[in-house]
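**Q** Structure in structure tokens, see below.
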């Protein structure tokens, strides 16, 4: 994985002296009314916490639902969420969770261990088509259930001990299991899901305003597609007294330039879309508004090794050695992303990966010659397909220039 910094701009409250009439911006009004305005890049595809795929979905979902654990951004560790505490057996296989007695759904229903057990079953039900069901595979019997080898959920290592106690048994020790419970295996309200239709229907309207019942700090009150999503403070949330926001508004603004402009115009408090070209300006003129956080994300070039000439390992190795990751970071991202030299990024907690591979143009040229393509001669032009976003095509252009300059390889 690449340690890819996530850029966020945080607005500061503006204080104006008396005697100068000025129209209040949405951000200023939000500070007065305890309303947080967030640029969310894209429209969420769903607010169902068990089938979402994108970070822009989770930005909203995380406000509406809470897992057994939560995630501490400062320490990058799991902390108590709906469960106030847990014990782990000496062999690392049995987790016993104790739910908070005051945990409630947004309609006032009590959050129980049975809610989580049913939600875990839905999470790995094959018909739901959850692309992240494999996250639950460390749980005993979960993979067999998720892949349709059995339909008996009682064979899965999830047991309700009583209303507030849930026991989960793993097949193997899994250091990141508590983290999975914080962001992926989130609970859903059984009665409202079933009232809206089949529990494995991905198009069910249960996750819409007026129907969605969550157990998070906020509840869904408005969803205007392509305009905004509004969540308001959930009075039943177990820690509502410490939530000082009355509402949060999420605005889908697809273009990074447009979202950053909205931030500067006082229409947003937070934006995650800062064009790399603007980073130097913020660093020099308003460093207090800029926050760079690590994000676990891997960007890579995927070779089709089933067809010539990329079926030759020396050709693939040569191309890999001719990738100047630092140049890509500097020219495309203005230093906002770190070069990836191993799959596990630094600062990941508890593990530091090996040094990994760096660029070596001389070795790359030698390997290409050994493969029968000295100086790239005789090597057919290689087509490259890229994602259509505001940065990946530029990355491809840098790679194209590197391979042409250093190896004589043509990319189309």
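**Q** Run down 211, 151 and say which single residue is surrounded by fewer than 16 Cβ atoms within 10 Å (Cβ to Cβ), part of a loop (DSSP other than H, G, I, E, B), in contact with a helix residue (DSSP H, G or I) (Cβ under 8 Å, 6 or more places away or on another chain) and in the same structural domain as residue 248 (by TED's automatic domain parsing).
**A** Values: 151 fails: in the same structural domain as residue 248 (by TED's automatic domain parsing).
211 is the lone residue from the list that is surrounded by fewer than 16 Cβ atoms within 10 Å (Cβ to Cβ), part of a loop (DSSP other than H, G, I, E, B), in contact with a helix residue (DSSP H, G or I) (Cβ under 8 Å, 6 or more places away or on another chain) and in the same structural domain as residue 248 (by TED's automatic domain parsing).
**Q** Further question on the same structure: In segment 48-59, is there at least one residue being out of contact with any strand residue (DSSP E or B) (no Cβ under 9 Å at 6 or more places or on another chain), assigned to a loop (DSSP other than H, G, I, E, B), surrounded by fewer than 16 Cβ atoms within 10 Å (Cβ to Cβ) and at negative phi?
**A** Looking for residues that are out of contact with any strand residue (DSSP E or B) (no Cβ under 9 Å at 6 or more places or on another chain), assigned to a loop (DSSP other than H, G, I, E, B), surrounded by fewer than 16 Cβ atoms within 10 Å (Cβ to Cβ) and at negative phi, one finds at least one in segment 48-59, hence yes.
**Q** Evaluate the following for residue 96: is it part of a loop (DSSP other than H, G, I, E, B) and surrounded by 13 or more Cβ atoms within 10 Å (Cβ to Cβ)? Don't jump to the end; show me each part of the working.
**A** Numbers: part of a loop (DSSP other than H, G, I, E, B): no; surrounded by 13 or more Cβ atoms within 10 Å (Cβ to Cβ): yes.
No; evaluated as a whole, the condition is false for this residue.
**Q** Scan segment 194-220 for residues that are under 19 Å from residue 131 (Cβ atoms) and within 24 Å of the chain's Cα centre (by Cα) and jot them down.
**A** The answer is 200, 201, 202, 203, 204, 207.
**Q** Now, a different point. Within segment 379-391, can one find any residue that is outside the structural domain of residue 274 (by TED's automatic domain parsing) and in contact with a strand residue (DSSP E or B) (Cβ under 6 Å, 6 or more places away or on another chain)?
**A** Narrowing segment 379-391 to residues outside the structural domain of residue 274 (by TED's automatic domain parsing): 379-391.
If we keep only those that are in contact with a strand residue (DSSP E or B) (Cβ under 6 Å, 6 or more places away or on another chain) too, we end up with 382, 384.
Yes - at least one qualifying residue is present in segment 379-391.
**Q** Further question on the same structure: Please determine, by comparing only the residues of segment 1-42 that are assigned to a strand (DSSP E or B) and at pLDDT 55 or above, which one is farthest from residue 273 (Cα to Cα). Lay out the reasoning, then the answer.
**A** Kept after step one, since they are assigned to a strand (DSSP E or B), are these residues of segment 1-42: 3, 6-10, 35-39.
Those still in the list that are at pLDDT 55 or above too: 35-39.
Details: 35: 20, 36: 17, 37: 14, 38: 11, 39: 8 Å.
Ranking the candidates gives 35 first.
**Q** So if I check each of 196, 191, 146, which one is touching a helix residue (DSSP H, G or I) at 6+ places or on another chain (Cβ under 8 Å), surrounded by fewer than 23 Cβ atoms within 10 Å (Cβ to Cβ) and closer than 23 Å to residue 231 by Cα? Reasoning before the result, please.
**A** On the way: 191 fails: touching a helix residue (DSSP H, G or I) at 6+ places or on another chain (Cβ under 8 Å); 146 fails: closer than 23 Å to residue 231 by Cα.
Answer to the selection: 196.
The values are calculated or read from the model by the stated rules, or taken from the named source; none is laboratory data. The model shown is predicted, which means the values in this text are computed figures rather than measured ones. Reconstructed Cβ throughout: ideal geometry from the backbone, glycine too, with neighbour counts over all protein chains shown.
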